[in-house]
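Undergrad: Starting off with a structure, shown below.
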Amino acid sequence: MYSRLLCTVCLMIVSLTFSVGCSSGSSDQPQNAPEEVSVDLGGGGVDLGDAGALDMEAAPRESKTEKPVRRFQPLTLNGNQSTAGSSAGAPEEQKFDNVLEALKPLQIMLGDWGGTTFKKFDGFSAVETLDWVWDLQTNPAQPALVMKADKSRYYNTGRLTYLTDKQKYQLTLTDKDGQKKVYEGEFSVPVQKIPGDDDPNVMHSTYKLSLSLVEPADEKKHAQIIFNQQNNDRYMFELYDLRGDSVARVDTINTRRKGTSFAKSDSDYGSKTCVISGGLGTSQVSFQGKSYWVCCSGCRKAFEANPEKWIAKYEANKKKTDTQ
């Protein structure tokens, strides 16, 4: 009987142990199961499953419902970290400087000009006058050389600038009816310096800037224009029509500068350097008792609108040049 009682006690102990083990394993959520981590990327959850799938650094959490801490690094462009203190106007300033630099070889056209057409109208060549000036205010990031013509047979106004994204020059012409044509192109003959015929010590600019019509795209009349700079005081404005796969010249406006040349050379203007364009100054402006030179009415207007800006840029460029 003692033996039977001992067996009964042993069976009760075994039964109790098995019952407790099953009870601890019957929970809906295993105690030691790997925890899932979810990262929210702009509104959509990305399930990373097993935490070992990605090497992520997460801060300790006090409860299961707390969201994981996400750490972001600032975006880096060209190896430089962007900062909140960077100047928002810096890209526009850089673009302005690049466009201005590209247009400097063409500022030889600044000033008043008189032109005559090669083509005859009622038995006579047409006569016109033009005026080229800087426009630095219409679009502060896109300076341009602008032209106004008097009684032209072909155009009333023109705007010549440089497209940094395309690395091409752009000319927009408007006729007397307000119709616009847009041309783009580049130098077909690069800018060169040649001694003047009257004075070999004076260097003159020559080049050909060839521009093709891009708007309207299907127009064949005046589909190409060439600025053919002969010297500092003469350039030809050539117009070509598209005929089949080739172009034919339909007219040339022979343009000569009125009065004295605006540019005896392209550098070392000394005290007469334009405070804005860097070209040869032709008239003076004043600010706080000090005088500065400007090369045209466009630069004068820009200076008068914001003299501190242009003086600061001029002094900075001058200092940079002196240290080179």
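Undergrad: Would you confirm whether any residue within segment 178-191 is under 26 Å from Glu92 (Cβ atoms) and in a loop (DSSP other than H, G, I, E, B)?
TA: No: zero hits.
Undergrad: State which residue is nearest to the chain's Cα centre (by Cα) when the search covers only segment 130-146 and only residues that are touching a residue at least 24 places away in the same chain (Cβ under 8 Å) and in a strand (DSSP E or B). Reasoning before the result, please.
TA: Initial filter on segment 130-146 (touching a residue at least 24 places away in the same chain (Cβ under 8 Å)): 130, 132-137, 140-146.
Of the ones still in play, those that are also in a strand (DSSP E or B) are 130, 132-135, 144-146.
Details: Leu130: 29, Trp132: 23, Val133: 22, Trp134: 18, Asp135: 17, Ala144: 13, Leu145: 17, Val146: 19 Å.
Among residues in segment 130-146 that are touching a residue at least 24 places away in the same chain (Cβ under 8 Å) and in a strand (DSSP E or B), the one nearest to the chain's Cα centre (by Cα) is Ala144.
Undergrad: For segment 287-313, give me each residue that is surrounded by fewer than 18 Cβ atoms within 10 Å (Cβ to Cβ) and within 20 Å of Gln137 (Cβ to Cβ).
TA: Restricting attention to segment 287-313, the residues satisfying the condition of being surrounded by fewer than 18 Cβ atoms within 10 Å (Cβ to Cβ) are 287-291, 297, 301, 304-309, 311-313.
Listed by number, the residues that qualify are Phe287, Ser297, Lys301, Glu304, Ala305, Asn306, Pro307, Glu308, Lys309, Ile311, Ala312, Lys313.
Undergrad: Contact list please: Cβ distance under 9 Å, first residue in segment 213-241 and free of Cβ contacts under 8 Å to residues at least 12 places away in the same chain, second residue among the aliphatic types (A, V, I, L, M) and part of a strand (DSSP E or B), pairs at least six apart or on different chains.
TA: Close Cβ pairs satisfying both conditions: none exist.
Rule-based calculations on the coordinates, nothing more; no lab input. Because the structure is a prediction, the values reported are computed rather than measured. With ideal geometry, Cβ positions are generated from the backbone for all residues, glycine too; neighbour counts draw on all protein chains shown.
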